[in-house]
1. Report the label-to-label distance for VAL228 and ASP97 in nanometres (one decimal), using points 7 Å from each Cα along the Cα→Cβ vector.
2. Magnitude of the Cβ-charge dipole of the range 511-634, K/R +1 and D/E -1, about the Cα centre, nearest 20 debye?
3. When 1/r is averaged over all different Cα pairs and the result inverted, which Kirkwood radius in Å belongs to the range 511-634?
4. Given a cut-off of under 8 Å on Cα pairs at least six residues apart, what relative contact order in percent is computed for the chain?
5. With θ set to phi - 60°, apply the Karplus curve 6.51 cos²θ - 1.76 cosθ + 1.60 along the range 423-435 and write out the HN-Hα couplings as whole Hz, x wherever there is a Gly or Pro.
6. Mind checking the dipole of the range 2-115: about its Cα centre, +1 per Lys or Arg Cβ, -1 per Asp or Glu Cβ, Debye to the nearest 20?
7. Would you mind checking LYS132/LYS469; LYS132/LYS275; LYS275/LYS474; LYS2/LYS509; LYS116/LYS474 for any pair whose Cα atoms are more than 19 angstrom apart?
8. Let me have the relative contact order for the range 259-344, percent, based on Cα pairs under 8 Å that are six or more residues apart.
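Values in this text are rule-based calculations from the coordinates and carry no lab data. As the structure is a prediction and not an experimental result, all values here were calculated from the model. Every residue, glycine as well, gets a Cβ built from its backbone with ideal geometry; the counts of neighbours run over all protein chains shown.
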Amino acid sequence: MKSLMHLWRELANELASFCCTSAIRDYKTVAERCKHEGVSFLTITLPAFAKDFERSLEQGKTDPTLFVGFRRRGGLPLFLGGFLDQVFDRETGVLLDDPSVDCILSIRQLTMLYGKILLECSDARKEGAMRKYIECENDVRSADEATSPELREEFRRMAALIFGEVFQELDNEVYQYLVGPGVRTRNTYSTSEDFEFLQWDEETILLPKHGPGATADRLKGNQKFDQVEWPVRLNDLFPFEEWVLPNVSYYEDLERVHFIEPEDERPVRVITVPKTLKTPRIIAVEPTCMQYMQQAFLRPLVQKLEQGFCGQHSQRRPNLAFGFVGFRDQDPNRVMAAEGSFTGSLATLDMSEASDRVSNQHVIDLLARWPSFASAVQAVRSTKADVPGFGVVPLAKYASMGSALCFPMEALVFTTIVFMGIQASLSTRFTRSDILALRGSVRVYGDDIIVPVDSVRSVIDHLEAFGLKVNVSKSFWNGKFRESCGGDFYDGTDVTPVRFRREFPTSRKHVSEVVSLVEFRNHMYERGFWKTASWLDNKIARVLPRFPIVEPTSSILGRRSVSFSPQAEKIHADLHTPLVEGYVVRSVLPRSEASGVGALMKFFLRRGEEPFADVKHLLRAGRPLDVNINRAWCRPY
């Protein structure tokens, strides 16, 4: 913990010099509080101070309910007082007419520095998170029962208006698969007349995929291409022989497949992963079969929503949903948040327990007018969860984090309700032209929502009417502070803090910690905190004796610099390229040899024309188990 405190001191002193104040007493407070409270002061108490500071910016003043646990003088805490005095009036606690943006950034940086450090929570906090998961399930069921039929019908109408073109295309394509000759076309690959392979049609967009992550049935790497579990309700729409076996000559392998009845389906495995020291993140590990088929719908859904047109060639028509919802690019949200902080016209909303509060009923209503696509989305959904301490429970939510369709479905549900709220605030009934008029004023990226300030109250009311929960402490619409998709802004200026993610490493064996520290050092340097970056250079030198200046594209763990360019230390004898000596991360994938069937299926599931990057992909696959940092000569660019 001493290294964490020393880093805080170095950063506080540098920020104090920027703001013409002193942080000596502030560090004494940190040292004293850490002595009695431990690391929780840095990771829990200070981030709570940051939330109270943001609330004060939002409401334009402090109040007695904020900054609990810190001594006050006048209307402000004594802690970080030199910075706070340049933002608020000391006596009244009212926001100054022209507060120092540098001080706002400094306060947020010092209080949020360790807010998301990846440390394991206590068992009690993990158990509490599981209880909250179950409570959320009960809330979802209650909200489904309480939602009025009229509200649900308007939800269905609004979804059809916004996403109708996209859903119709997907519905048509799924329908063709369900009633047509199959998902693959016959092509002869042998001179023998009686031997035919079935391959994926080049025009097919519903292409399933295996990922490198964990699965509920604990299949890893290339084992996933030999899956033998397949739910009956999934098989009714997507037959195992058409979606998992490479060709007709392997149909005899159906004897080894376990076709599982609904009551015997494998549940998702609910686990915790580090998020903050205060609370863990809850995710659900999906069975291999579900994860595999969910990926088939993720890509076309995202691609169609993010492109400006629907249809092909001469039949192309504008996609009304374009620009309102995003999945792969967070920058539009950040740009709009910056605009909202400057003009005051846009509000940023954040959702609590976002994915866990999107019910399956929401998704059913969302796709009510497209039965084929709706049936497919339900078929690839897991219906049960194995929750530690509570056993197997049926799910009312559509999916938890871990499902490939969780993120897009929650975004579509939120977007639909947001437009319902805006419509109600304007006392009208939206048409296509009304939707188009709001482009640039509404955007949803997961649980980060941007809406016009004039409609924010109505939007919140509608979200809550559907059982969703707005995180008021992270939603902003009154002052000049806005936050969305990891970008924080005050009056148009970026005040996003740099986060310290992992503990300090003590040797090169702590690979994740070393890599994280190097990234943190470079982020600090790029933000202009050069003295702190120099202090970090000395810490890094203890584990990486060679720490050269390199470009971001280099594979070497090196440092960024605007004053000096990378200097070649020697020239490659054959390639004649510049080289520098440093440390690189080397990973070894676990051994996972593909079977003949699995190897053939892996080839057919390949996306694009490029060959596999790893020539040994049939021998090794999955997430790396052995990661090392080795000394090597590499290009600095």
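1. Simple spin-label model gives 7.9 nm for this pair.
2. Details: 18 positive and 13 negative charges, 69 e Å.
With Lys and Arg at +1 and Asp and Glu at -1, about 340 debye.
3. Values: mean 1/r = 0.0581 Å⁻¹.
Radius from the Kirkwood sum: 17.2 Å.
4. Working: 1122 pairs, mean separation 105.7, N = 637.
Relative contact order for the chain comes out at 17 percent.
5. Result, ordered by residue: 4, 5, 5, 9, 6, 9, 10, 5, 10, 4, 5, 5, 5 Hz.
6. Value, rounded to 20: 560 debye.
7. LYS2/LYS509
8. 15
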